[in-house]
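Down below is the structure, laid out as structure tokens.
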Amino acid sequence: MILKTPYEFSLLKLQNISTITSNITKYIITDYAYIKTKEQKKIKPFVNDDTVLNPVFLYGLSDVEKDIPPFAHPIFNFQDKWVAMDLRNIVTPNKENVTYVIRNEAEYDLTLQRFILSGMWATGKQSSLYSLKFAHIAFTNWLSDNLTKRFGLNLNDNIKLKVLALLYYANLFNNEFNADDLNKLIIRSKEEMLGELIEEVYSKVGNKIGTLEEFCSACYIVTDNVRLKGLDVNVLVNILSNNWMSLNSKDLVMLSLEHPPTWISLVYASLVQRNFKKNYIATLIDKLNKRGKGDEFLKSYIYTVKEYLEE
């Protein structure tokens, strides 16, 4: 099931961002036109049909920003046509507050990539992100391998969970996953999984894996393993919570379960940023890259996002 923005997702939707949103609008009106001229990297607007979202960043260079609490994920205002990201914990203003220094290049790059991917997602570019197949396969291994280790499952159950995760990830890009989508998924995954096995798992769960809650319930259905009978979202998040270490790491892991742009940004960072190489997710990505699949992903990824980067 497609949900547009990070704060719509089940694990974050209880956070009230209305006050932050109104204060960001004030910041845009009073200060951002000038501050934008100081930006070291400029992102182009996200445009699709009638939707336009102008990028906005907070650097801590204005007094108005003092009234805006920190926020970890892109905030969208479709009515006023902007999407904002908080960089204040990554950059340091100079003494005169006229420019800034990037404190952590790896975190800065990850945040910008996550911002771009989230903007693409919110403006209907799901197909462009779905084309990054390596991230899809990495996702299936991430979930199935963690569950297998945590519950002491056998190889047969591990494979079934891989297929289930494959179907779940595809459903995140689609509001109505149907037989035609299933056939396309089988063709897409023929190098990694048998089509008959995908059909077998799909016959047990159908379209009832569009949410994270449904995925957790389906783990028991497809394996018939009593060890997975009590699996729910909270248990799954606890299992995965230490798989990534960075700023807002637990939030990023939670969002990755429901928000493909966040997951894809972690895959990208795992391949290009040495700071993250010791993370479980980065280690997994490195193993999957043995045949150069990750390198192919990077080429496709760079081509996908480059239109949003100003020269």
Heads up, the helices (runs of 4 or more DSSP H) in the range 191-288 (entirely inside) with at least 1 residues that are in contact with a helix residue (DSSP H, G or I) (Cβ under 8 Å, 6 or more places away or on another chain) and more than 23 Å from T5 (Cβ to Cβ) are 195-205, 212-223, 233-240, 260-272, 280-288
State whether one or more residues within the range 227-242 are under 20 Å from V305 (Cβ atoms), among the polar types (S, T, N, Q) and either within 14 Å of the chain's Cα centre (by Cα) or not assigned by TED's automatic domain parsing to the domain that holds S10 (or both). no
The residue that is nearest to the chain's Cα centre (by Cα), considering only those in the range 266-311 that are more than 16 Å from L240 (Cβ to Cβ) and among the small types (G, A, S), is A269
Exactly one of V56, V52, V98 is outside any helix (DSSP H, G or I), of a type in the set (V, I, T) and closer than 24 Å to S246 by Cα, and that residue is V56
Going through the range 144-191 in order, the residues found to be in contact (Cβ under 8 Å) with a residue 24 or more places away in the chain, closer than 20 Å to P260 by Cα and in contact with a Lys or Arg (Cβ under 8 Å, 6 or more places away or on another chain) are R188
- [ ] Assess whether L167 counts as being part of a loop (DSSP other than H, G, I, E, B) and not polar (S, T, N, Q).
- [x] no
Per the list (1) farther than 23 Å from F9 by Cα; (2) crowded, with 21+ Cβ neighbours inside 10 Å, residue check on R150 breaks on (2)
Of the residues in the range 83-101, those that are within 30 Å of S127 (Cα to Cα) and surrounded by fewer than 21 Cβ atoms within 10 Å (Cβ to Cβ) number 1
Taking the range 110-143 and keeping only residues that are touching a strand residue (DSSP E or B) at 6+ places or on another chain (Cβ under 9 Å) and either more than 24 Å from L166 (Cβ to Cβ) or part of a loop (DSSP other than H, G, I, E, B) (or both), one is left with T111, L112, F115, I116, G119, A122, T123, G124, K125
Going through (1) surrounded by fewer than 20 Cβ atoms within 10 Å (Cβ to Cβ); (2) in contact with a strand residue (DSSP E or B) (Cβ under 8 Å, 6 or more places away or on another chain) one by one, L61 fails only at (1)
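The values are calculated or read from the model by the stated rules, or taken from the named source; none is laboratory data. In this text the structure is predicted, and so the values were computed from the model without any measurement. For neighbour counting, all protein chains shown are included, and Cβ atoms are generated from backbone atoms with ideal geometry for every residue, glycine included.
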